[in-house]
2 protein chains.
Amino acid sequence: MSADHREQQPVQGSRIDPHIGRYAHRTQGMVASEVRALFAVASRPEIVSLAGGMPNVSGLPLEQIGDMVKDVVTEEGPTALQYGSAQGDPALRELLCDYMSLEGIDAAPDDIIVTVGSQQALDLITRVFVDPGDVVLTEAPTYVTAINTFAAFQADIRHVGMDDEGVIPEELEEALVRAQLDGRPVKFFYTIPNFQNPAGITMSTERRAKVIEACERHDVLIVEDNPYGLLRYDGEPRPTLYSQGSGNVVYLGSLSKTFSPGLRIGWALAPSAVRAKLVLAAESAMLSHSTFNQLVVRRYLRTFPWREQIKTFNTMYGERRDAMLSALEAMMPAGCTWTRPEGGFFVWATLPEGIDAKAMMPRAIGARVAYVPGTGFYADGRGRQSMRLSFCYPTPEQIREGVRRLVTAIEGELDLRDTFGTTLAPPAGGLQAPAPDLP
Amino acid sequence: MSADHREQQPVQGSRIDPHIGRYAHRTQGMVASEVRALFAVASRPEIVSLAGGMPNVSGLPLEQIGDMVKDVVTEEGPTALQYGSAQGDPALRELLCDYMSLEGIDAAPDDIIVTVGSQQALDLITRVFVDPGDVVLTEAPTYVTAINTFAAFQADIRHVGMDDEGVIPEELEEALVRAQLDGRPVKFFYTIPNFQNPAGITMSTERRAKVIEACERHDVLIVEDNPYGLLRYDGEPRPTLYSQGSGNVVYLGSLSKTFSPGLRIGWALAPSAVRAKLVLAAESAMLSHSTFNQLVVRRYLRTFPWREQIKTFNTMYGERRDAMLSALEAMMPAGCTWTRPEGGFFVWATLPEGIDAKAMMPRAIGARVAYVPGTGFYADGRGRQSMRLSFCYPTPEQIREGVRRLVTAIEGELDLRDTFGTTLAPPAGGLQAPAPDLP
């Protein structure tokens, strides 16, 4: 190849990667975020970030936790610093049963596998169940990194619509029937029933029963992801799908939002045959989770007033949720709508007709506020008019200021729209995931 | 189905798993260990276990490490307990470059991804490169959980023979050519060049050059797994393949053997395009590793005399290696052979003609000694006459007693052989992996 010829080649990622011909097909489904650069900007101190889903761990009593982790090393060091089993520490699994009993789940420790956050549980489930082209059903919108994981295993991701009561049973039924007509196995329906990420919606009790009925009738597993369930600020708790189903639900739990994400303790509760497969998959994925972290969490659940700590978190997050909802109510322009979550971290806002939340990002950053555009929460390019606003990390005052800045950005876009027409970009299709390290 | 008819059904795992029709094809490659039950027995206190590959963490100064982990929480808690990036803490990655420089590696922090032990690095590499049926070349024998990982991604695992200088270049060349003739892409050659697990063999400097030359000529990646490299008890260090190659080597490191496996800190050092893919795969696999553990290791590498700690480990492990080699020399029956490792944790022993190491296990357990039969370290049923003996965990006295007990078991089998002929079971084929939580 002549030098001239080479100069005509476009210099792009795929051109300059000498390994490009070697990757597995699934690797094509692993996409870098197009808004990652914006997130780097969003972490600047002058920006009010309504983008991230980071819990506010500064609310934890660090001195006491420091003493606790020291005790783990000095009293249990030879165990804590050694390899453990792939299923996870048995005593921790017993304590996780107690934890889940707060949401009405009657679980056996042997049906639990401890994972690196519930994200790893989701990854192992996908690995164990999904062949390329298999259908995975999810709510629309849904958790961005779940989409990434399903895509990384080449799933055919199909969305099911939601309203204020959660997933719409008729749409779920239609998706199940359509997959059957297509001759494509539906491997599972993935749902976040409480304070959904990103929509902030909680599935009603009646809907839960209908979802279970439909999935059982079609012999389809349910994967119930419930990291926020105990972070409820008002309203009544709903029964878990796991406790209402009859063996067709894999339940995912996590201490990332109720204690600390830095320890990466999540888990799956699964029918025993499935649990056995997940353990085998975990062995080849990482041998075993950190024994040290498991013993830290074991000690935390045994000795720490963690129920009180969750109440403290709920007071704090509840105030932040209220700050966001009242700021939105007071300031958002006509034509904007948003959800009113009873718990969790997120509000889902939809902009007036003709306004593109992703196209608005540079203007918002200019106004020193960040959010996650809605497109990342769909596998099919939808969501351009929406955005996820999180209230977990900033203070109430920062939240009010953030909404004020957001409103100036929206008003700027409205002016633009009224002068030049829609700001909506043409549909792009495919995956447009934001950085998945912002859960 | 009548009750009578049901009674005739064999009650086996696959029969009673209601989810059996749902699993992905790859899940068939995830096999439970047939010797797991024996390992449970092997952990009884009256047994001398020469089976496990657990480092002797009781040699660590727990009081000092306890203070250190407390400081991480009280001084850096809001960071340590929060989510991190999927690539891993930047300052830790810089310190890992210093660590690798001890073996002559000149690395950039940006080319490193921190993983849950090097096992996760191996899993991510396989995920990124291997489609079902792709060829992965390994030494024969090789690390059991590497086999499990490659099998879980449906690789066509092909072994390359070794002698006392490591992998035999002619056999590697033959395997590379044969895959080419078969029209099957070789995705990588997996090697543990130092004190190999399980064979205890170190690849000679000359062989390293030949391996690099052959793989570069065939345009095949090398995955260099080096968890034991700094645990050398005599002889001269050899250059890493990474430092000798020209961009075709992915290097795996780990602090599990030189500090603590309970913290699960391993890493991959890879060409930057490959590293980027590994980070994407890690995001969907677990979002991020434990920030807490990374900050603990960061502080350990910054403030702790870890080079001295490795010297202390080397003195201890060297004595144990010597105890094992001299006991084998003094006691093993004629016809037995074994390797003489210059470092690491393992000796590979081969029994006299006609003796099956797996068939001998019950007798060995009866004599209160355990080892890993050789079959687990091959993907093709070979290794029945061999066993892995580890000297890392038991004391020199326990090692001598263990070898004494092992010799009584071998002598019992020799009597049996001399009376009834071979004890070798017919070849079984397929995967017969021991429990992978014994690295």
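What does the charge count near B:I192 come to, summing +1 for each Lys or Arg and -1 for each Asp or Glu among other residues with Cβ under 10 Å from its Cβ?
-3
When the chain is fully extended, how far beyond the present Cα-Cα distance does A:K311 get from A:E411, taking 0.36 nm per residue of separation?
Full extension from A:K311 to A:E411 adds 32.2 nm.
What does the accessible area per residue of the stretch B:368-409 come to in Å², with a 1.4 Å probe and no ligands, DNA or RNA counted?
I get 31 Å² per residue for the stretch B:368-409.
Compute, for B:S254, the solvent-accessible surface of its heavy atoms (probe 1.4 Å) with the complete set of protein chains present, and express it in square angstrom to the nearest 10.
Surface accessible to solvent at B:S254 totals approximately 10 Å².
Please report Rg (one decimal) and Dmax (integer) in Å for the Cα set of the stretch B:83-303.
So, for the stretch B:83-303, Rg and Dmax equal 16.5, 54 Å respectively.
Beyond a 29 Å Cα-Cα separation, which of these cross-linked pairs lie in this structure: A:K311/A:K358; A:K70/A:K311; A:K311/B:K277; A:K358/B:K277; A:K70/B:K311?
A:K311/A:K358; A:K311/B:K277
Work out which GluC sites (Glu not before Pro) in chain A are exposed loop sites (DSSP not H, G, I, E or B, at most 14 other Cβ within 10 Å) and give the longest gap free of them.
Counting only loop sites that pass the neighbour cut-off, the longest clear stretch is A:47-352.
Which whole-number percent gives the relative contact order of the stretch A:83-303, counting Cα pairs below 8 Å spaced six or more residues apart?
29 percent
Between A:E174 and A:A32, what length in nm is gained on full extension when 0.36 nm per residue of separation is reduced by their alpha carbon distance?
That pair, A:E174 and A:A32, stretches by 47.9 nm at full extension.
Out of B:G381, B:G335, B:G344, any idea which swings most in a Gaussian network model of chain B, alpha carbons joined below 10 Å?
Answer for the Gaussian network model of chain B: B:G335.
Please compute, for the alpha-carbon atoms of the protein assembly as shown, the extent along each of the three principal axes and give them in descending order in Å.
Taking the Cα atoms of the protein assembly as shown, the three principal extents are 92, 79, 58 Å.
Rounded, prolate or oblate: which fits chain A, taking a ≥ b ≥ c as square roots of the Cα gyration tensor eigenvalues, rounded meaning a/c under 1.5, else prolate when a/b beats b/c?
rounded
Would you check the accessible area of A:W338, probe 1.4 Å, heavy atoms only, in square angstrom rounded to 10?
A:W338 has an accessible surface of roughly 40 Å² with all protein chains in place.
Distance from a point 7 Å along Cα→Cβ of A:T337 to each backbone N in the stretch A:149-175: keep the residues under 20 Å and list them by number.
A:159-172
Below 8 Å between Cα atoms, with a sequence gap of 6+, how large is the relative contact order for the stretch B:185-264 in percent?
Contact order relative to length: 31 percent.
Let me make sure I get this right: for the stretch A:328-368, a, b and c are the square roots of the gyration tensor eigenvalues over alpha carbons, sorted descending. Under 1.5 in a/c it's rounded, otherwise prolate if a/b > b/c, else oblate. Which is it?
prolate
For A:I16, place a label point 7 Å from Cα along the Cα-to-Cβ direction in every copy; what are the distances to the other copies, in nm, shortest first?
Relative to the other copies, A:I16 has label-point distances of 5.9 nm.
So the label point sits 7 Å from Cα along the Cα-to-Cβ vector; using that for B:A91, what distances do you get to the other copies, in nanometres, sorted shortest first?
3.2
Taking the stretch A:235-283 on its own, what percent of its Cα-Cα pair distances exceed 11 Å?
When all Cα pairs of the stretch A:235-283 are counted, 74 percent exceed 11 Å.
Ignoring ligands, DNA and RNA and using a 1.4 Å probe, state the total buried accessible area between B and A in Å², rounded to the nearest 100.
Summing both chains' loss of accessible area gives about 7000 Å².
Not counting ligands, DNA or RNA, and with a 1.4 Å probe, what is B:H25's accessible surface area in Å² rounded to the nearest 10?
110 Å²
Give the ranking of B:K358, B:K187, A:K210 by solvent-accessible surface, highest area first, calculated with a 1.4 Å probe.
Reading off the accessible areas and sorting them downward yields A:K210, B:K358, B:K187.
Inter-copy label distances at B:A330, 7 Å along the Cα→beta-carbon direction, one decimal in nm, shortest first?
With the label placed 7 Å along Cα→Cβ, B:A330 yields 8.4 nm.
The values are calculated or read from the model by the stated rules, or taken from the named source; none is laboratory data. Remember, it's a predicted structure, so these values are computed and weren't measured experimentally. Note: ideal-geometry Cβ built from the backbone for every residue, glycine included; neighbour counts use all protein chains shown. We work out accessible area using only protein heavy atoms, side chains counted, and drop any ligands, DNA or RNA first. Shrake-Rupley method; radii C 1.70, N 1.55, O 1.52, S 1.80 Å.
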